[in-house]
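Report on the following structure.
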Amino acid sequence: MSQAKESAGQSPQQAKTASDAERRLYTLMRHLPGMAYQGLNDTQWTMLFVSEGAFALTGYTAEELENNAISYLQLMHEEDRHRVDTEVQACIRKQKPFQVSYRLWHRSQQVRWMWEQGQAIFDDQGQVLRLEGFICDITEQQQSQGLQRAVLQIASTLTVRSGPGFFQQLLQNLALALEADGGFIATSNDDQTLALQTLVMGGQPRPSEHIQIPERLSTPVMRDGHCLVADDADFYFTDQKKGQGGERVRGFVGCRLIDMQGRPLGMLAVISRKPFANAEMTLSVLQIFAAGAAGELERNQADVRMHQLAFQDPLTGLPNRANCMAQLERYQQQTLSKGCPPLTLGLLFFNLRRFKEINNTRGHQVGDQVLVAVAKRIREALNEEAFLARLGGDEFVALLPSLEYSALQQVAALIGNTLKQPIRIGEAVFRQEVTIGGAHYPKDASEPASLFQHASIALHQAKRGNYGFTLFNEEMAAAINRRQMLHERLLKALREDELELYYQPQIDLESGGVIGAEALCRWHDAQYGWISPGEFIPLAEERGSIVELGEWVLKSACQQLKAWQQSGSGGLPGKLSVNVSARQLQDPELLQRLGACCEVSLRQGIVLELTESAFIQDPEEAIAITRQLVAAGFTLAIDDFGTGYSSLTYLKRFAATYLKIDMSFVRDMLNSESDRTIVNTIIAMARTLGMQTIAEGVESQAQAEALAAMGCDQSQGYFHGRPVPAEEFARLWLDTP
């Protein structure tokens, strides 16, 4: 998608919207566990576009497939081509989506099994414009059927499916089945040595120590894929010397572990104090389980990378927003700790002026290079004690411990002067100006946690007045006072039951009937009038009352659900959805709290909607919580899906039934090819994972029909019905007597 296309006949706002959609599409495509595509309906299956997953899937780059350096038809197994083409063309004639499975020649000359879902796109005359769809690798599923008998003894006793316990149990079962004394899993270090991760000897785990495996054993494994030493391996697999209790190894069989891209991850091996009677058979068994071990290792490494992504800005390498907030929390704890010296802390919140002009005129690649240069300059200008973070876009925060209030303006001036110096990107030269808001603890805030909010207010004031730098002052505190007053009135509304739930119908796109509803909180205050949920819900999250608010919403929704069931109308068709905030998910007593709000008999009628962003900080903990909630009787949905990417790796492990497509994609999907492709890809991916999809923000019949054609299951939005009070909802949507 070129800038030329962006600029031709588009307003700046349209160009920006298209560019934002393209970035979201690129982020999603980059993390998909498969390949999305658009192609021609011709004899060669000519590809017009493929996502970056093409390389992992086929061994060929997206450019090679798109430029016809190799046609996709050539990759398809000769014996499957006719069958696949016949099935696809039959579906096209009926104007229905198609699903096919077939074998494909990978570049490595391996035969892989593929599962494909797609559909034809027609013009106004009913002619096929192109095909588009999603392809994923199902080789492991196909192979597992043939391998079942060979691995039954080991696989039938594997009860742990992930984490360190999986490796320990796998090694114990391998050693028992292969009559070995033990086994180990080691991972590759950057210096080409191997680090011991899990060691089992005599059926028991041993302490894992990072030691170098003898090169005469490790080198063949990592170079050739395996190493067999039936006897005379002769090394000691501890850090102790001979004669001091180390385990002398004679038999050694090792198998290389590789990731999905064929890169070495480490090795899986079994060891014995006696010679192996059948080392070749031992190797075959190891190779059977190597894929599973490698997959779990890769998931573990992905967890580490995801944690880094959660707390580090990938572009500049600076700490990100979450990391910055965590650092503020650490300063907060320091002020509460006895014996710690008094803390002074300055916070500067700043962004680059007119930075969007660089993106719009020079392109985002140049804009990214400017951001990297800006981050490097500021980092070098500040002292080592300063904490510099990029919050996103062109926004940065500097935390300045041990800084007096009088010095804040000096540091702000230093940042401004540093960025006025020319930044050269290729032949272009940029001089950046900044707008800065500042706040200081203890002068401007009673606690460090409030500094960011105060500096944000100061930055907003600096922008409004076109000032270069503004410090927080008492006048700005008026806005804080209003928020405080609003929060107090919200607590009063909760105590006195002044809030109200409105209900919005969810529609089955195939039948057109009501299949459920979503409960949405509304608040009319006697002093302030109607308060937007976009204001009081973030306020409740910020002030720590979101748990109480969430419990009120769930309890009230359950009471209404029960009332409908007892009204004689037959009750609500389907389920009633209730939002659960990210803060609630962090509550260690979440399960007990939700259980107290909803009696057991009603839980099967409740869907808890969890936002995608709630899983970022600790995905493994979130996975455990979702499974506990399902075990308690609730159904789960992932809300606003597509607005983040960190959860894609974990999606198939969440115990969720529904995937809600964010309205930002649905809104423009009829006019934006990028948004339509995103929606289509999410629907296909959800279907492969056995999940149902609900599209949010549907505002027209054309959107509803397009979603139905893509295979979306349900939708909600103003086209079907606005949120209304319970009595009106029953009159409109329920068969009231």
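Table for the structure above
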| read-out | value |
| --- | --- |
| Residues of region 469-496 classified as within 30 Å of residue 694 (Cβ to Cβ) and either in contact with a helix residue (DSSP H, G or I) (Cβ under 8 Å, 6 or more places away or on another chain) or not small (Gly, Ala, Ser) (or both), total | 2 |
| Pairs, first under 12 Å from residue 352 (Cβ atoms) in region 411-434, second assigned to a helix (DSSP H, G or I) and charged (D, E, K, R), C-beta under 6 Å, six or more apart | 431/420 |
| Any hit, region 294-315, residues being touching a strand residue (DSSP E or B) at 6+ places or on another chain (Cβ under 9 Å), among the hydrophobic types (A, V, I, L, M, F, W, C) and under 21 Å from residue 225 (Cβ atoms) | yes |
| Residues (assigned to a strand (DSSP E or B) and closer than 30 Å to residue 710 by Cα) located in region 507-531 | 507, 508, 514, 515, 516, 517, 518, 519, 520 |
| Qualifying residue in region 497-506 (condition: modelled with pLDDT of 90 or more and assigned to a loop (DSSP other than H, G, I, E, B)) | yes |
| Subset tally (residues that are more than 16 Å from residue 315 (Cβ to Cβ) and either over 28 Å from the mean Cα position of the chain (by Cα) or hydroxyl-bearing (Ser, Thr, Tyr) (or both)) for region 337-359 | 15 |
| Within region 326-342, considering residues that are within 27 Å of residue 435 (Cβ to Cβ) and in contact with a strand residue (DSSP E or B) (Cβ under 9 Å, 6 or more places away or on another chain), the one surrounded by the fewest Cβ atoms within 10 Å (Cβ to Cβ) | 326 |
| Filtered residue count, region 553-591, keeping only those that are free of Cβ contacts under 8 Å to residues at least 40 places away in the same chain and touching a strand residue (DSSP E or B) at 6+ places or on another chain (Cβ under 7 Å) | 1 |
| Test: residue in region 552-560 that is exposed (fewer than 15 other Cβ atoms within 10 Å of the Cβ) and of a type in the set (A, V, I, L, M, F, W, C) | no |
| Any hit, region 619-628, residues being touching a Gly at 6+ places or on another chain (Cβ under 6 Å), assigned by TED's automatic domain parsing to the domain that holds residue 659 and surrounded by 15 or more Cβ atoms within 10 Å (Cβ to Cβ) | no |
| Qualifying residue in region 467-488 (condition: under 20 Å from residue 434 (Cβ atoms), surrounded by fewer than 13 Cβ atoms within 10 Å (Cβ to Cβ) and assigned by TED's automatic domain parsing to the domain that holds residue 412) | no |
| Matching residues, region 532-556, being touching a helix residue (DSSP H, G or I) at 6+ places or on another chain (Cβ under 9 Å) and part of a loop (DSSP other than H, G, I, E, B) | 544, 545 |
| Those residues of region 370-425 which are closer than 16 Å to residue 438 by Cβ, assigned to a loop (DSSP other than H, G, I, E, B) and under 35 Å from the mean Cα position of the chain (by Cα), in sequence order | 382, 386 |
| Selected residue (criterion: surrounded by the fewest Cβ atoms within 10 Å (Cβ to Cβ)) from residues of region 682-713 that are part of a strand (DSSP E or B) and not small (Gly, Ala, Ser) | 692 |
| Residue ID - modelled with the lowest pLDDT, chosen from residues in region 360-370 that are within 17 Å of residue 316 (Cα to Cα) and among the polar types (S, T, N, Q) | 365 |
| Odd one out for residue 450 among (1) assigned to a strand (DSSP E or B); (2) free of Cβ contacts under 8 Å to residues at least 60 places away in the same chain; (3) of a type in the set (Gly, Ala, Ser) | (1) |
| Hits in region 346-358 (condition: part of a helix (DSSP H, G or I) and surrounded by fewer than 19 Cβ atoms within 10 Å (Cβ to Cβ)) | 356, 357 |
| Condition broken by residue 665, with the remaining ones in (1) closer than 30 Å to residue 560 by Cα; (2) under 19 Å from the mean Cα position of the chain (by Cα); (3) surrounded by 23 or more Cβ atoms within 10 Å (Cβ to Cβ); (4) not acidic (Asp, Glu) satisfied | (1) |
| Single residue of region 494-542 satisfying the filter (among the charged types (D, E, K, R) and under 30 Å from the mean Cα position of the chain (by Cα)) that is surrounded by the most Cβ atoms within 10 Å (Cβ to Cβ) | 518 |
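The values are calculated or read from the model by the stated rules, or taken from the named source; none is laboratory data. Keep in mind the model is a prediction, meaning the values are calculated, not measured. Neighbour counts are summed over all protein chains in view; Cβ atoms, including those assigned to glycine, are modelled from backbone coordinates with ideal geometry.
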